Amino acid sequence: MRASLDNLVNPTIDKLSKVLQLEAARGYDNRAVFGGLERLMESWEPEALESGLPAELPELVISRLKDYPQLTPASRAEVLKGIWKRLFQQYPELRDRFPGTAGTAAETEIKPQPVEAEQPAELESGSEDPGLAELENGAEDPALAEPAELEASAEDPALSEPASLDTPLTSVAGIGPKSGKTLQKLGLETLEDLFWHLPRRYDDYSQMKTINRLWFGEEVTIIGTVEQISVRTVRGGKLKLVEARIGDGTGSIGVTWFNQAWIANRLGPGEVVVLSGRVEQYLGKLTMNGPEWEPLEAEQVHTNRIVPVYPLTAGITAKWLRRVINSVVTRLASRVPDPIPAPMLGEANLPPLGTALRQVHFPDSWEQLKRAQQRLAFDELLYLQLGVLRQKQGWAKLAAEPLEVGSEWLPRFLSNLPFQLTAAQAEALRQVIHDLAQPHPMNRLLQGDVGSGKTVIAAAAIGIAGFHAAQSALMTPTSILAEQHYATLRELLPAAAGIPADRIRLLLGSTPESDKARIRHELESGEVLLVIGTHALLEDPVSFSNLGLAVIDEQHRFGVTQRAALRSKGAAPHLMVMTATPIPRSLALTLYGDLDLTLIDEFPPNRLPIETRVLRPIERARAHSFIRGQLELGRQAYIIYPLVEGSEHVQAKAAVDEHQKLQESVFPEYRLGLLHGRLPPEEKEQVMEAFRAGELAALVSTSVIEVGIDVPNASTILIEGANRFGLAQLHQFRGRVGRGPHPSYCLLIPQTESETENARLQALEQTGDGFKLAELDLEQRGAGDLFGTRQSGFELRAARLTDIRLIEKARNHAASLFERDPQLESPEHQALALAVDRFWSNGKGEIS
């Protein structure tokens, strides 16, 4: 039966559809989500499988998007059109919800560009683009010469004048309309586009060797004379095979090229040639198959050097693009104005921009390449940090209602708490009280590991806002987390802060429309002092009488636009964002330099360390026996699975199937609950309430319990298929236990025996330090998992957020410069100011 958009599959399909629609609206720039569409798939796949989608659909989407970053906008459009076509086949209702996608505007507006006559169409050996057509026998090879327009180029006017990055490529001498149109397929229209079309990898052909010293498997360059060359047909006449023997006086080697018969017309016996490629072996003899080659007298762009390999698209060959970029970079890179002042370059020990651009495209050595990459990355990180410092200064200039409290308020709040604050919580609360009393908006990031006690700090801020009759909004990424906060704060705030429970509301996507209308009216009238909810808070009908405080929990799960939308519900509300994902300090100060950072690095005294063990799959019965022992002591347990239901396409255990087995065969005398994302919201809440009340001995669940579950009596969590989860997610799972006075345990069982040595699982077993785990997760998986779509306001093309040392260098220079010239008004900083504006030009003016 075909699934409907009205059923429980809705959120997963809807999420994917909206992302694809946004990607098309952005012109297929792979920035609809931070990290690109391929990064989104890491979180979307388990959601899709959990929601009950047939496994072949996620597999299709993931396979289509695997190489998405390497494609050009035109090729990306074709990929997304294919995905839309499959979605429309299975969910025809989407056609009405997402007009202008595949099947409508996309098919008429976005078509593959025809291959132009000037473009080479040969399939190079090892070509990055499988869509390139093969040359027929005897076809000419335009890639061996400069593009026609480059050959007939006029002289560059005013060679000594600066080159503007906004210069259209068609205005560059040697690139005419045809070449310009071809380059547009790669999204290259200006000098800036071409200079920052960086190689995706490099092949090292710089090692020159004689033939008698060659070894199987090495990448080398040789110079030799063509001793003989011929062409013959293979595979029933379908392919042309060029066979040559090249000698250099020390020996000879056989060389072959498939479907490039024109090479035999270019190379004759006695001609000296440079070859670069991998040494292979056939019938016991060394050979080279499809090597790069150039005549000895030519400038060596493709051989005998470290050769750049660029992202391509259909109809563009590596050789042609390499020649075009080499021509432009050689002539114009040195003429691009350097925005970084010379004194700063000297202090940072970085090369000039022109040198860096030449070396990053055509490096003379690996060392020169490394220095060039560092220079370009430094620039981006410097622009990033200057931008966040500027934004912080801008927020400080805004006027906000000061929310001060008298000396008697804090003692009354603290005395009505059911626990005593730790020293770290007390310091965090002091900072928040100070911020709220200022005549400009608070802008604070509250960072603390799982269970460190962030919610009570948010509760105090909400209480202070309520004391002034100002409203507060607390936004969470999931309904379960929102419901948890709702229950906690309705219990905490009436006694501690004097906010009645009947002035606190919960607003979710699943809230009945009649209740939503009532809550919206109460918010507009000011009757409600605190509303807790998910993305439903961002809906247009939701407006506030006097929004004084916005609190965003698990902030890394929200995009720039969503955070800005919540802030826009008030004039200039105070802002507190919270995260349980530990962020290395240097990285936090760079990415969140516009926020004041507060770290809660101390656990409440009743928080016991959680003992963690990685078990082999054959030890599953041992794990069940251990859980039974805990249940006999009156404790409760979680058992986590990566899937909702089993699939023949995915070899992983599933919650629904395993719940039945566990209930009937393993723990028949205990009552086990089942929780997953496909359950209706009211049923989820019933299951959770039964577990909190102790009516369920164990809860079998999917990743839906990652955040927002607080059951002090739960002492054990067993995570099946643990290798399928990320390190940060596993750490969040582990934080579901250890919240009471009992010793607590986390058991990890991977899918296979070999995965027992998984580095993430071993790290989790060895430490409970969230910061150490965050560092490892950053190294292994990149910053995308940590920071969601935070960077959607800008693009990092050279910098890596894992390069902490370079981040610190850029941050120190930015801070020093900002202290001396915050507006970058000095004459020597004019070019830098323009570069910073250019870097942020695609942003929303709001990055927190």
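The values are calculated or read from the model by the stated rules, or taken from the named source; none is laboratory data. The shown structure was predicted, so the numbers you read here are calculated from the model rather than taken from an experiment. Here the Cβ is made from the backbone with ideal geometry for all residues, glycine too, and neighbour counts use every protein chain on show. For the accessible areas, the whole protein counts, side chains as well, though only heavy atoms, and no ligand, DNA or RNA atoms are used. Shrake-Rupley method; radii C 1.70, N 1.55, O 1.52, S 1.80 Å.
Any idea how many residues of the stretch 499-526 are surrounded by 15 or more Cβ atoms within 10 Å (Cβ to Cβ), closer than 30 Å to residue 414 by Cβ and not basic (Lys, Arg)?
Number of matching residues: 6.
Considering only the stretch 210-221, how many residues are open to solvent by 40 Å² or more (accessible area, probe 1.4 Å) and either in contact with a Phe, Trp or Tyr (Cβ under 9 Å, 6 or more places away or on another chain) or among the aliphatic types (A, V, I, L, M) (or both)?
Residues in the stretch 210-221 being open to solvent by 40 Å² or more (accessible area, probe 1.4 Å) and either in contact with a Phe, Trp or Tyr (Cβ under 9 Å, 6 or more places away or on another chain) or among the aliphatic types (A, V, I, L, M) (or both): 1 in total.
Take the stretch 428-443 and flag every residue that is open to solvent by 20 Å² or more (accessible area, probe 1.4 Å), under 29 Å from residue 739 (Cα atoms) and in contact (Cβ under 8 Å) with a residue 24 or more places away in the chain.
Selection gives 431, 433.
Test residue 410 against the criterion of being open to solvent by less than 30 Å² (accessible area, probe 1.4 Å) and more than 30 Å from residue 347 (Cβ to Cβ), and give yes or no.
no
List every residue pair whose Cβ atoms sit under 6 Å apart, with the two residues 6 or more apart in sequence or on different chains, where the first one lies in the stretch 1-25 and is under 20 Å from residue 82 (Cα atoms) and the second, anywhere, is at pLDDT 80 or above and surrounded by 14 or more Cβ atoms within 10 Å (Cβ to Cβ).
As it stands, the answer is 20/80, since those pairs meet every condition given.
Somewhere in the stretch 655-668, is a residue modelled with pLDDT of 85 or more and part of a loop (DSSP other than H, G, I, E, B)?
Taking every residue of the stretch 655-668 in turn, at least one turns out to be modelled with pLDDT of 85 or more and part of a loop (DSSP other than H, G, I, E, B).
Which members of the stretch 359-375 meet the condition of being crowded, with 21+ Cβ neighbours inside 10 Å and in a helix (DSSP H, G or I)?
359, 360, 361, 372, 374, 375, listed by residue number.
Which residue, of 375, 335, 371, is out of contact with any Phe, Trp or Tyr (no Cβ under 8 Å at 6 or more places or on another chain), basic (Lys, Arg) and in contact (Cβ under 8 Å) with a residue 60 or more places away in the chain?
From the options 375, 335, 371, the qualifying one is 335.
Find all pairs meeting these conditions: Cβ atoms under 7 angstrom apart; at least six residues apart or on different chains; first residue within the stretch 207-225 and on the phi > 0 side of the Ramachandran plot; second residue open to solvent by less than 10 Å² (accessible area, probe 1.4 Å) and modelled with pLDDT of 85 or more.
217/279
Here's the yes/no breakdown for (1) open to solvent by 10 Å² or more (accessible area, probe 1.4 Å); (2) acidic (Asp, Glu); (3) modelled with pLDDT of 85 or more; (4) within 31 Å of the chain's Cα centre (by Cα):
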position	(1), (2), (3), (4)
307	no, no, no, yes
315	no, no, no, yes
321	no, no, no, yes
338	yes, yes, yes, yes
342	yes, no, yes, no
347	yes, yes, yes, no
355	yes, no, yes, yes
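When the stretch 1-20 is examined, which residues are found to be at pLDDT 50 or above and either open to solvent by less than 80 Å² (accessible area, probe 1.4 Å) or touching a helix residue (DSSP H, G or I) at 6+ places or on another chain (Cβ under 6 Å) (or both)? Give the derivation first.
First pass over the stretch 1-20, keeping only residues at pLDDT 50 or above: 10-20.
Selection gives 10, 12, 13, 14, 15, 16, 17, 19, 20.
Can you pull out the residues in the stretch 677-727 that are surrounded by fewer than 20 Cβ atoms within 10 Å (Cβ to Cβ) and either acidic (Asp, Glu) or on the phi > 0 side of the Ramachandran plot (or both)?
Answer for the stretch 677-727, where residues must be surrounded by fewer than 20 Cβ atoms within 10 Å (Cβ to Cβ) and either acidic (Asp, Glu) or on the phi > 0 side of the Ramachandran plot (or both): 682, 683, 685, 689, 694, 695, 710.
Regarding residue 180, is this residue at pLDDT below 85 and assigned to a loop (DSSP other than H, G, I, E, B)?
Taking the combined requirement at face value, the residue does not satisfy it.
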